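The values are calculated or read from the model by the stated rules, or taken from the named source; none is laboratory data. Bear in mind the structure is a predicted one, so any value in this text is a computation, not a measurement. We place every Cβ from the backbone using ideal geometry, glycine too, and count neighbours over all the protein chains shown.
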Amino acid sequence: MYKEKFLHSSWVTGILFALWFLIIPPIIAIILIINRNKEMKKVQQVWEGNGFDKVVDVKEQIASLSEELQKLTLAKQEVLAELETFKPISDLTEVKNSLSSQIDNMNKEKDALAKRIEDVQSLVNLTESKQKLSEEIEGFISNKQAIIQEIDSLQREVILLKEDILMQSFGFTNPKYGFETSEAFQIKLNEIRQRQKKMVKDKEATLHSLDWTIGDDRKKGKEFILDTIKLTLKAFNNECDNIITKVKYSNLEASEKRIKKIFDELNKLTDMQQVSITPGYLILKIEELYLKYSFEQMKQEEKEEQLEIKERMREEAKALKELEKAKEKVEKEEKHFEQAIEKLKMQMTETTEKQQAKLVEKLKELEAQLEQTQKNKEDVLYRVQNTRAGYVYIISNIGSFGENVFKIGMTRRLEPMDRVKELGDASVPFTFDVHGMIFSEDAPALENALHQAFADKRVNKVNARKEFFRVELAEIENVVKKNHNKTVEFTKLAEAEDFRQSIQLEKKPLQAV
């Protein structure tokens, strides 16, 4: 800081001016003031060289300069008063002119000092503005770090998605979720929703800044931003819940687009408040959408599976009932033939030789029938004991499904055609035609083997319980004879009697026209 010299002090110059009547002291005082002004200029140059870096020193300099300006003003007034006193003295004209010149210089220096004070004040204002800007920059840097982390997370997601797309382009497709039960989907759904709640609780569901003022009131500004966040998330969650609740296969892709559109629209609405929903929160909502769809799909599949199990149980019950009935029948027939043979043998002991010849023929016939009955009994007992024995059928329904579409199924019925007739009930417009009926000691295994052989030919590639295949009959025959049964006979042509007659009836009105 600048330290004033002893001879330049105000009280020294004041004493010299007080001795004005001696003439010389006032002149010395004026010379001291001039020297002091030169010293002040040197100080100004030093200040300019230092660039006014320290705000505290600058403020002290302002105070010092202001005080000096006041002193110079007082000195000027005193000198003017002195000149007025010296006016009657004719021999002091030169002194007066010199003093007038000095006063002009002092006025210029006064103006220069006033300008310097103004510049210093501007520097103080700039320094305060710089401090505010620094605080704002720190806030932006903090937000920038959060955004960078979010971008890194999204880039990792993009890399994974690109890998999935690349694999899918080569035909490697996987289900979005590998859960086997609807309960597993429900657990995952609950987990996703808990993650969403945690993001909201931890204030990670939105990008925002609480450094907001309303009428210079930071507290009101903060409350306003928090209310904006709450309303934005509430609107987004309500819209997403409405979309997710109604999701199904036909609107899955459209539902995802709607969620993304709502995300963009809400972020645009809150752009002025610098509030936006994070992409990470959006990803959780999209994941919830697909989970909900997969969950509902799994529930439907489980429902169909239960219906199929019940159908198989009914089929098994019918087959078992038929077998029990057949068992009773053959046992009754066996007993009947045994009694008839026993009775015939007793008759032969009481008849003539000629009559015995006729009875022998009758006995052979009864024994042959008994043998066949016993064989039938063995077959029935085997079927009762071996629950996997049955028939695999290959059937078609041209009128309902078109050419080269075959159903490959199985039944344990003693009369497999009864099952085929049931399949052609009111659920389809035409009856089924049988192309192959294969008896197997392990019918479920044979059925599964054929299903696997033509897995890529399935009509319904999503639901494996639908047993229809779009394939040439010759291919089925080739697989069966090559790997399972070489003797089975296939019927190449489907009768489709009702269907063909319906076609003919449709043509008749056209021919009449």
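Table for the structure above
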{"read-out": "Filtered residues of the stretch 289-311 (kept if surrounded by 15 or more Cβ atoms within 10 Å (Cβ to Cβ) and basic (Lys, Arg))", "value": "LYS292"}
{"read-out": "Subset tally (residues that are exposed (fewer than 12 other Cβ atoms within 10 Å of the Cβ) and at pLDDT below 80) for the stretch 361-377", "value": "1"}
{"read-out": "The listed residue being of a type in the set (S, T, N, Q), surrounded by fewer than 18 Cβ atoms within 10 Å (Cβ to Cβ) and either touching a strand residue (DSSP E or B) at 6+ places or on another chain (Cβ under 8 Å) or over 21 Å from ARG193 (Cβ atoms) (or both), out of THR228, THR232, THR245, THR213", "value": "THR213"}
{"read-out": "Scan of the stretch 479-510 for residues that are hydrophobic (A, V, I, L, M, F, W, C), surrounded by 10 or more Cβ atoms within 10 Å (Cβ to Cβ) and under 25 Å from THR431 (Cβ atoms), ordered by number", "value": "VAL480, VAL488, PHE490, ALA494, ALA496, PHE499, ILE503"}
{"read-out": "Checking LYS327 against (1) surrounded by 15 or more Cβ atoms within 10 Å (Cβ to Cβ); (2) within 30 Å of ALA184 (Cα to Cα); (3) of a type in the set (Lys, Arg), the condition it does not meet", "value": "(2)"}
{"read-out": "Matching residues, the stretch 450-478, being farther than 23 Å from GLN306 by Cα and either surrounded by fewer than 14 Cβ atoms within 10 Å (Cβ to Cβ) or in contact with a His (Cβ under 7 Å, 6 or more places away or on another chain) (or both)", "value": "ASP456, GLU472, LEU473, ALA474, ASN478"}
{"read-out": "Residues of the stretch 390-414 classified as surrounded by fewer than 19 Cβ atoms within 10 Å (Cβ to Cβ) and part of a loop (DSSP other than H, G, I, E, B), total", "value": "4"}
{"read-out": "Tally, over the stretch 439-470, of residues that are under 16 Å from PRO416 (Cβ atoms) and either at pLDDT below 90 or assigned to a helix (DSSP H, G or I) (or both)", "value": "9"}
{"read-out": "Of all residues in the stretch 418-464 being among the β-branched types (Val, Ile, Thr) and within 37 Å of the chain's Cα centre (by Cα), the one that is farthest from THR487 (Cα to Cα)", "value": "VAL462"}
{"read-out": "Pair list, Cβ under 7 Å, 6 or more apart: the stretch 220-241 residue in contact (Cβ under 8 Å) with a residue 24 or more places away in the chain and over 14 Å from VAL275 (Cα atoms), other residue assigned to a helix (DSSP H, G or I) and charged (D, E, K, R)", "value": "CYS240/LYS285"}
{"read-out": "Residues of the stretch 194-225 classified as among the charged types (D, E, K, R) and over 28 Å from GLU288 (Cβ atoms), total", "value": "8"}
{"read-out": "Single match in LEU266, LEU282 (criterion: more than 16 Å from the chain's Cα centre (by Cα), closer than 30 Å to GLN186 by Cα and free of Cβ contacts under 8 Å to residues at least 40 places away in the same chain)", "value": "LEU266"}
{"read-out": "Meets criteria (surrounded by fewer than 15 Cβ atoms within 10 Å (Cβ to Cβ), out of contact with any Gly (no Cβ under 6 Å at 6 or more places or on another chain), assigned to a helix (DSSP H, G or I) and modelled with pLDDT of 85 or more) for LYS321", "value": "no"}
